[in-house]
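The values are calculated or read from the model by the stated rules, or taken from the named source; none is laboratory data. Quantities reported herein were computed from a predicted structural model and do not represent experimental measurements. Cβ atoms come from the backbone with ideal geometry, glycine included; neighbour counts cover every protein chain shown. Remember, those area values only see protein heavy atoms, side chains included, never the ligands or the DNA or RNA. Shrake-Rupley method; radii C 1.70, N 1.55, O 1.52, S 1.80 Å.
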Amino acid sequence: MIKTAVMGYGTIGSGVVEILEQNKDVIAKRAGQEVELKYVLDLREFPDSPVADKIIHDFKTIETDEEVKIVVEAMGGLNPAYPFVKACLLGGKHVVTSNKALVAAYGTELLEIAREKKVNFFFEASVGGGIPIIRPLYRCLMGERIEEISGILNGTTNYILTKMDKEGESFENALKEAQNLGYAERNPEADVEGHDTCRKIAILTAMATGKEVNYEDIYTEGITKITDIDFKYAEKMGASVKLLGTSRMKDGRVNAYVAPVMLDKTNPLYAVNDVFNGIMVKGNMLGTSMFYGSGAGKLPTASAVVADIIEAAQNLEDHVEIGWTEEKQAIEPMDQASFRYFVRIAGSYRNKEQDVKSLFGKVEVYELYGMDEFAILTQEMKEGEFKAAAIAFDTKEQAQSDFGIKQMIRAML
Ligand code: HSE
């Protein structure tokens, strides 16, 4: 029998406890022995819960108990998750976590400690919740050179954008609904500003390149500036707006970003709606594969954690090599990335056609009935070139005391 401890009895931690109990027999069979929960670390008491007699409040109890071989970190955040996880690994315990903030910020160091101590540090649940993506990258796709990973990696923002698209809701109302349904955090900034997606694409990029990726190097833009008007244009264009985390890898160079992007039906991510996540992985031999499913939520995420517990149990004496090393992966500046650009401009196209054409070249023009504005869709251009053109356009407009660009959304159409 192998003993585990769960740190954090919140949504994920309680889900892990539930699965360990409900799937006890299959877990024992696959792990090669029974997996028994010995402690649950939390600041609170849970007198009426099934773990009432297992609750502890002092991390030292886990750290000093030689019987505990596998520790689950489901606390979230960096403090005290980071010092606790580090202490467990240094103490020769295997650690499984669902915490992308921890993996993105300290993954390199924690993986190095796991290597040195010949234990395992697994984090399948940190990206895509219950969708298998970390393990496919280090196992099933290990014969591939990964060329691109592009995904809808955040359920909350995908729910909000889907509501805006399908039901014409405003961003504020859709966010309120997401909060009422318990999808969005009370402080939704990490979701809506793209920080959560940024950490996830940083982890996936590090997995694919085998090198450390600093998530702060990744250009990150959230969805707070997307409006219901943008979706009216998108509908005309047969498109939708999705928050993407994308990483393109070629000859050691990596281009990565997080931003809302206009997609049409030809892109498989177009059909990923509501709280679902979808991740496309392009390998040089395989071509494109798509991973789809529940990217968040109690049992889906806990299921990925339990799979990691089983893999740790199967490798109690071995270190399974996953992840990346201390070598740093440079990320190209966003100015080097190429997109088409959807741009909304105040006024009428008739008055501004010349400036539009001289600065943006050949464009498609879209107009909405009764609106004192129009939109253009440029040809593909480098972000740096687009920015220069946009600044020149706005400068001309201001010189004529006119309003210029109201909105810009990158497009892959
Ligand atoms: N807040 C995240 C989401 C949870 O909405 O996808 C899963 O990481």
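All told, residue 82 meets the bar of being in contact with a Phe, Trp or Tyr (Cβ under 8 Å, 6 or more places away or on another chain) and within 22 Å of residue 324 (Cβ to Cβ). For the range 77-101, the set of residues classified as open to solvent by 30 Å² or more (accessible area, probe 1.4 Å), over 16 Å from residue 308 (Cβ atoms) and not polar (S, T, N, Q) consists of 77, 78, 80, 82, 83, 84, 86, 90, 91, 92, listed by residue number. Taken together, the criteria place residue 123 among residues that are of a type in the set (Phe, Trp, Tyr) and surrounded by 24 or more Cβ atoms within 10 Å (Cβ to Cβ).
Summed over the range 315-346, the residues that are touching a residue at least 60 places away in the same chain (Cβ under 8 Å) and in a strand (DSSP E or B) give a count of 10. The set of residues in the range 192-216 that are of a type in the set (D, E, K, R), open to solvent by 40 Å² or more (accessible area, probe 1.4 Å) and assigned to a helix (DSSP H, G or I) comprises 199, 216. Within the range 192-204, not a single residue is within 26 Å of residue 109 (Cα to Cα), within 16 Å of the ligand (Cβ to nearest atom), in contact with a Cys (Cβ under 6 Å, 6 or more places away or on another chain) and not aliphatic (A, V, I, L, M). The listed residues are 116, 66, and the only one of them that is without any contact (Cβ under 8 Å) to a residue 12 or more places away in the chain, under 29 Å from the mean Cα position of the chain (by Cα), more than 19 Å from residue 11 (Cα to Cα) and open to solvent by 20 Å² or more (accessible area, probe 1.4 Å) turns out to be 116.
Residues in the range 371-390 that are at pLDDT 95 or above and not hydrophobic (A, V, I, L, M, F, W, C): 373, 378, 379, 380, 382, 383, 384, 385, 387.
Among residues of the range 91-112 that are closer than 20 Å to residue 318 by Cβ and in contact (Cβ under 8 Å) with a residue 60 or more places away in the chain, those with a beta-carbon under 6 Å from a residue that is of a type outside the set (D, E, K, R) and open to solvent by 10 Å² or more (accessible area, probe 1.4 Å) at least six positions away or on a different chain give the pairs 111/323. Select from the range 102-113 the residues that are open to solvent by 10 Å² or more (accessible area, probe 1.4 Å) and in contact with a strand residue (DSSP E or B) (Cβ under 9 Å, 6 or more places away or on another chain) and write down the one among them that is nearest to the ligand (Cβ to nearest atom). Of everything passing the filter in the range 102-113, 108 is nearest to the ligand (Cβ to nearest atom).
Filtering 240, 303 for residues that are within 24 Å of residue 175 (Cβ to Cβ), crowded, with 17+ Cβ neighbours inside 10 Å and out of contact with any Ser or Thr (no Cβ under 8 Å at 6 or more places or on another chain) leaves a single hit, 240. Tallying residues that are open to solvent by 40 Å² or more (accessible area, probe 1.4 Å) and assigned to a strand (DSSP E or B) within the range 347-382 yields 4. Return a yes/no flag: does the range 129-151 have any residue that is crowded, with 19+ Cβ neighbours inside 10 Å, farther than 25 Å from residue 13 by Cα and within 12 Å of the ligand (Cβ to nearest atom). Yes, the range 129-151 contains at least one residue that is crowded, with 19+ Cβ neighbours inside 10 Å, farther than 25 Å from residue 13 by Cα and within 12 Å of the ligand (Cβ to nearest atom). Among the candidates 172, 167, 189, the residue that is without any contact (Cβ under 8 Å) to a residue 24 or more places away in the chain, among the charged types (D, E, K, R), surrounded by fewer than 19 Cβ atoms within 10 Å (Cβ to Cβ) and within 12 Å of the ligand (Cβ to nearest atom) is uniquely 189.
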